[in-house]
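Read the figures in this text as sums done on the coordinates, not as results from a lab. Predicted, not measured: the structure shown is a model, and the values here were computed from it. Cβ placement follows ideal geometry from the backbone for every residue including glycine, while neighbour counts extend to all protein chains displayed.
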Amino acid sequence: MFEYAPAPESRDIVDIKPSYGLFINGEWVEPLGEGRDKTINPASEEVLAEVAVAGEADVDRAVQAARKAFTVWSAMPGSERAKYIFRIARIIQERARELAVLESLDNGKPIREARDVDLPLVAAHFFYYAGWADKLSHAGFGPSPQPLGVAGQVIPWNFPLLMLAWKIAPALACGNTVVLKPAETTPLTALAFAEICRQADLPPGVVNIVTGAGETGAALVRHPDVDKVAFTGSTEVGRMIARSVAGSRKKVTLELGGKAANIVFEDAALDQAVEGIVNGIFFNQGHVCCAGSRLLVQESVAEELLDALKRRLSTLRLGDPLDKNTDIGAINSAAQLAKIRELSEAGEAEGAERWSPTCPIPDKGFWFPPTVFTGVAQSHRIAREEIFGPVLSVLTFRTPAEAVEKANNTPYGLSAGVWTEKGSLMLWMASRLRAGVVWSNTFNKFDPTSPFGGYKESGYGREGGRHGLEAYLAV
Amino acid sequence: MVSLESFGLVGDAGAVSTTTAPLAEVAASNSTLRAFLHGLPGVDRVGADARAAMLGTRSIKTTAKKQAIDLAIRMVDLTTLEGADTPGKVKAMCAKAVHPDPTDSSVPSVAAVCVYPDLVATAVQALGSSGVKVASVATAFPSGRSSLEVKVADTVLAVAAGAAEIDMVIDRGAFLAGDYLTVFEQIAAVKAACGSAHLKVILETGELSTYDNVRRASWLAMIAGADFIKTSTGKVSPAATLPVTLVMLEAVRDYLRTAGRKVGVKPAGGIRTTKDAIKYLVLVNETAGPDWLDPDWFRLGASSLLNDLLMQRQKMATGRYAGPDYFTLD
Amino acid sequence: MSERLAVRKTYKLFIGGAFPRSESGRSYVVSSSKGEFLANASKASRKDAREAVAAARKAFPGWSAATAYNRGQILYRVAEMLEGRRGQFVSELVDADGVGVRKAGELVDAAVDRLVWYAGWSDKIGAIRGSANPVAGPYFNLSSTEPTGVVAVVAPQEAPLLGLVSVIAPVIVTGNTCVVVASERAPLPSITLAEVLATSDLPGGVVNILTGSAAEVAPWLAGHMDVNAVDLTGADAELAVTCEEAAAENLKRVLRPPSVKADWLADPGTERMTAFLETKTVWHPIGT
């Protein structure tokens, strides 16, 4: 037996302060209120740092700083804005290892993913949108498209720095200034990003980072001087935001939940389909809004595919997120773990068959083994509700039409996967799936040039690509 | 079924019936073979490449690395296949195969030496009872462009000279022309000519070009009786690659499930560093599984790799980086 | 000799290609700008709205799957038919809006031209809004547009024909289907337009027109869980807030009322089409 010895990435590279303030107008400031929160390492439950909780007055200070900076930033030639954003991209590349370790510590994700997926995409996003800053007149939104003003941005905990990049890069490129609130369980890379803004000599107030939980986010979203609201997170909160901006002139983009179907036809390249299924639902512990959480497999290959999938899952390595060989890291929080457990128990109670590979679970921290439910019916909660964890629900179908019908039978519409070697079937499926992203013979691929966003209750607006500019321009 | 007698030269090899081989029925005709091979699931190149690349990021350190290096040494088929090969060269290589590092007796011997047929006798004599096997390329290596009679004769002579393993090449021309039955019959005939010698079937994946072809050729070789499937002659670029080996490892894994017979895998050509070798071991471990992590089931066809393994081994033992002057060039 | 007694026209709703009365049995009096009785119009209820949504949903798969060329041809056909009824629309506009014959003629002509303009967009908007994206990897990556689905439209109150055509055409040309709440004050051109639509090869249910009170009906549409988007162009501020809040329940796409009074004769731009388009991005590996 070939046992891989522990191969931990060193955490010496990161320097976490015991306590963080708010980043407003280019300075670290203490919150006006007493609110303090702790952020922990979900793999060990160790406290990493104490973080300020911004109240309404703090949010107001940040929005005012952003408003003031907007005058400077929006008037700056695009080519100059571009250079600031390029500079940020370069600093991110230079500090990539440090940021990857920090992300892994605060989030629980495997260092391999933080290092090979999150950080390269973060830098790529800033590079991509930096290049747009002086080319907006060519973007198809008229000869002189104008920024909106102050963008209030609220991001989730699953890809903390990447979601920050998706929000801040296009906003700045278009000439907006931002107030961003990271998730309360994963604030550290956003706070490190504040330092990067200082390193890049970004004019004060162009980027402001306010930490806190839902209250802070709500204060930001409803602030009357915010012109643009961008949110990534749950559909439930998205609904509240959509309601709260009613009657205002705020422009809104929402990137919400999903329950994606990953559809495998009998003629698929099965080994790659297995990889795609694994990547679809076990990437980032399944904490992915576009996760392929519903596997729809053609009945004629269901047994063969499931055997292969189970065999493959037995090779997944769960444990220390900082170990370079870890495939499955920690669940981000106790609350999320409780939700995953609750839905998994519901799956069993509703009669689906539960399976997990033998997989030692560390004593401390929040963990959930890769889990597969077979014999799932459309009516089961695990086939309808977003679990946001490493839990796959398997359903079968007989014909392409049935696959489409089942795939679309959800209020969500973020993503879908199709596995077939037949080109015409792939295109037929892709055109019928009501989802903003269709991965064919691949899954969970992201790129700054590629628009991302959902249909139906998965939200509206697109992030990435030329399309992503529209969310930050007055068009 | 294939009538070996019809090829004339197989009498001495004994009548090895392929009719009892698993999945033999698919070789009833070219069309049944074609139907079977084209019915195998396709291989998506991008997905296979990505999987191999991901496994290539595994970080093998300390005790695991030590274990991997010794295992890799034991898996090496130390190879010389040059027109300029001489008995002297082969003897020197055999000495190295038995004692890769004469200053350190804890270094294991390699699995085999691999030579041209005319040097088999020299190698057999040089290796004596060391346990290191002699493998010989045969069948008009490396192009395979000769008559079946010549290929079988090539094999018979190599076996007669003492080769324990035969590395044959498939007829890539026939394969690419869709004449699977010809490829099948040639492998079956050579297998028969091998007698008790193990047959490694070289697919020459660099010429097959697509991963779909690699998968089909793997199955074709296994159904025809291969004991090992091997990527390359080393004379064609690209030779062994991680994704090609991944596809072949999937094939032996699935063949065991389907046919109940275990077949080995040998990547050959272009594997030069310890880092490369360890990537292959990780690939084996996480694809076919740890059951294949044995020189009986996995080999690395290489020459310069051995010295790098030795240098890395010394580094781990001493904590100092090693220099090439301290390792023999044979 | 007495004057011939005119045969008055009954104005009904337009749902699923048919012209039913309101299930509620209600109607209301429509008067001219001078206060004279013009006709009784059906006063749609929430149940009529529900029927209209069902009809629009039923029509969506076929209409969205029709070729863009086909949709363009049908919109052009609508323009032809509208042109053919020019006189009727002119007199309805004169009655409803109190504008002169010449002005009314200009508005009808503009409505015809608007339809022709949008008809031409059917097979072009995808090229303008779609893209092939140069991702950093061996993938073919293509973004294309798709219609959002069923769109509820509160038509402008003040421009009963040109405004109406200007909100319907951009919604349907891309493959959406719609339920329109027509101008409450001046609903008659909308039903005459329905007669045009019904005879223009437009599949039943693609456009459904309700007359009556927007304040009563629109919130039901905005809250309907099988409606994908709302166009609140004709809603007043209070109704717009109510509808936007209701629309949040299933994250409908919302086109808010214009912040300045709409000029229906101006170049419409593409915003009314793009507001009801989704972008779908498809990835596929490139390899041998």
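Centre-to-centre separation between the Cα atoms of region C:259-280 and those of region A:113-137: 31 Å. Listed values for region C:243-257 are Karplus-derived 3J(HN,Hα) couplings in whole Hz (6.51 cos²θ - 1.76 cosθ + 1.60, θ = phi - 60°), namely 5, 5, 5, 5, 5, 5, 4, 10, 6, 5, 6, 10, 9, 6, x, and x replaces Gly and Pro. Per residue of peptide A:464-472, the mean number of Cβ atoms on other chains within 10 Å of the residue Cβ is 3. Tell me whether region A:286-352 comes out rounded, prolate or oblate; compute the Cα gyration tensor, take square roots of the eigenvalues as a ≥ b ≥ c, and use a/c under 1.5 as the rounded threshold. Taking the square roots of the gyration eigenvalues as a ≥ b ≥ c, region A:286-352 is oblate. Shown for C:Leu5, B:Leu300, B:Leu37: other C-beta atoms within 10 Å of each C-beta, ranked fewest to most, produce the order C:Leu5, B:Leu37, B:Leu300.
Per-residue Cβ neighbour counts within 10 Å put C:Glu146, A:Glu94, A:Glu266 in the sequence A:Glu94, A:Glu266, C:Glu146, beginning with the fewest. Please list, in chain and number order, the residues 5+ apart from A:Asn262 or on another chain whose amide H is under 5 Å from its amide H, with Hs placed from the backbone. Amide H neighbours of A:Asn262: A:Arg294, A:Leu295, A:Leu296, A:Gly417. How far is helix A:56-75 tilted, in degrees, relative to the longest principal axis of the Cα atoms in chain A, given as a value from 0 to 90 rounded to the nearest 10? The angle comes out at about 70 degrees.
Which entries of C:Lys124/C:Lys252; B:Lys89/B:Lys275; B:Lys66/B:Lys315 have Cα-Cα distances beyond 21 Å here? Mind showing how you got there, number by number?
Values: C:Lys124/C:Lys252 25 Å; B:Lys89/B:Lys275 27 Å; B:Lys66/B:Lys315 10 Å.
Violating the 21 Å limit, Cα to Cα: C:Lys124/C:Lys252; B:Lys89/B:Lys275.
Take the alpha-carbon centre of region A:400-464, take the same for region A:336-394, and report the distance between them in whole Å. Measuring centre to centre over Cα atoms gives 23 Å.
For chain A, just say rounded, prolate or oblate: build the C-alpha gyration tensor, square-root its eigenvalues into a ≥ b ≥ c, call rounded for a/c under 1.5, and beyond that prolate if a/b exceeds b/c, oblate if not. Judged from the Cα gyration tensor, chain A comes out prolate (a/c at least 1.5, a/b above b/c). Taking a ≥ b ≥ c as the square roots of the Cα gyration tensor eigenvalues, region C:20-98 comes out oblate, since a/c reaches at least 1.5 and a/b does not exceed b/c.
Starting with the fewest neighbours, write out A:Phe452, C:Phe37 ranked by other beta-carbon atoms found within 10 Å of each beta-carbon.
On the way: A:Phe452 25, C:Phe37 10.
Ranking A:Phe452, C:Phe37 by Cβ neighbours within 10 Å, fewest first, gives C:Phe37, A:Phe452.
Across peptide C:270-279, the average count of Cβ atoms from other chains found within 10 Å of a residue's Cβ is 3.
Near the amide H of A:Val207, within less than 5 Å, lie the amide hydrogens of A:Val178, all on another chain or at least 5 residues away, with H placed in the peptide plane. The residue list B:Leu71, B:Ser136, B:Ala224 was ranked by how far each Cα lies along the charge dipole of region B:34-322 toward its positive end, using unit charges on Cβ atoms, and B:Leu71 comes out on top.
Comparing Cα centroids, region A:304-323 and region B:249-307 end up 20 angstrom apart. A cut-off of 5 Å between modelled amide H atoms, ignoring neighbours fewer than 5 places along the same chain, links B:Gly264 with B:Phe228, B:Ile229.
Phi angles across region B:78-89 convert, under the Karplus curve 6.51 cos²θ - 1.76 cosθ + 1.60 with θ = phi - 60°, into 3J(HN,Hα) values of 6, 10, 9, 9, 10, x, 8, 4, 10, x, x, 4 Hz, Gly and Pro given as x.
Here the Karplus curve 6.51 cos²θ - 1.76 cosθ + 1.60, taken at θ = phi - 60°, turns the phi angles of region A:199-212 into couplings of 4, 7, 6, 4, x, x, x, 5, 10, 10, 10, 10, 9, x Hz, with x standing for Gly and Pro.
Take each residue of peptide C:252-258, count the partner chain Cβ atoms within 10 Å of its Cβ, and average: the result is 3. A viscosity of 0.890 mPa s and a temperature of 25 °C, combined with the Kirkwood radius over Cα pairs in Stokes-Einstein, give a translational diffusion coefficient for region A:261-440 of 150 µm²/s.
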